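Following: one structure in structure tokens, then a few remarks.
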Amino acid sequence: ADADLEEFLTHWYGPSKSEPLVPEGAEPLPLRCWYGYGEAWQQELAKQNMALPPDELTVLEGKTVFYVEHHRAWLWGYGEGPNPEVFDRDSEAGAHWARTGERLDMFLWHMAVFEAALSGPYNLGANDLSLEEIELCTGLLDLCPFEPWRFPGPMSRLWSNEDLVVLTVANLAVDV
């Protein structure tokens, strides 16, 4: 997943300004690589939501929070290990962590594509599409190899081709 992430960043943002270096730190290697990519491309790679810098990482009920929705309504955190599982939850007190189905390295690639879909130079949105209309919009695209996200809506999926990233989201409340 890490090689795919770097390849995606190069394709989407162009060549890095410097060689990506992995900073020292106690964070899992995939997250330290993410920090190195931000430095190498000299830009924020998460613009819609926030990828927290090392000094803002916090532990909440056994998970290290590293990515937050831009209004802080949703949180993503990782567990233990060198390439830990990623979990998500509502930010309200009493909410429970749920598995995303992805380990940190794959999640960061997923996160980069999600962020590109929402913060690219051109965006187009459509609401209340039928399944047939969604199929017409995504029929010539490849489904990205990521697990569906619960946020921003159930079954959030990403589709792509060489020059386009599309996010589809069910317009339903998130099951918390």
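The values are calculated or read from the model by the stated rules, or taken from the named source; none is laboratory data. Owing to the predicted nature of the structure, the values given are computational and were not obtained by experimental measurement. Heads up, the Cβs are rebuilt from the backbone with ideal geometry, glycines too, and the neighbour counts pull from every protein chain shown. Quick note on the areas: whole protein, heavy atoms, side chains included, nothing else; ligands and nucleic acids left out. Shrake-Rupley method; radii C 1.70, N 1.55, O 1.52, S 1.80 Å.
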Looking at ASN171 and the list (1) open to solvent by 60 Å² or more (accessible area, probe 1.4 Å); (2) touching a Leu at 6+ places or on another chain (Cβ under 7 Å), which single condition is not satisfied?
(2)
Would you pick out the residues in segment 1-22 that are more than 24 Å from LEU75 (Cα to Cα) and assigned to a loop (DSSP other than H, G, I, E, B)?
GLY14, PRO15, SER16, LYS17, SER18, GLU19, PRO20, LEU21, VAL22
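Considering VAL68, VAL113, VAL59, which residue is of a type in the set (A, V, I, L, M) and either more than 22 Å from PRO152 (Cα to Cα) or over 13 Å from the mean Cα position of the chain (by Cα) (or both)?
VAL59
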Could you check segment 70-125 and list, in sequence order, the residues that are under 14 Å from ASN49 (Cβ atoms) and assigned to a loop (DSSP other than H, G, I, E, B)?
HIS70, HIS71, ARG72, ALA73, SER91
How many residues of segment 3-29 are over 17 Å from GLN42 (Cβ atoms), open to solvent by 50 Å² or more (accessible area, probe 1.4 Å) and modelled with pLDDT of 95 or more? The answer is 3
Sort out which residues of segment 30-56 are at pLDDT 95 or above, part of a loop (DSSP other than H, G, I, E, B), over 15 Å from PHE107 (Cβ atoms) and not polar (S, T, N, Q), and write them in order of number.
PRO53
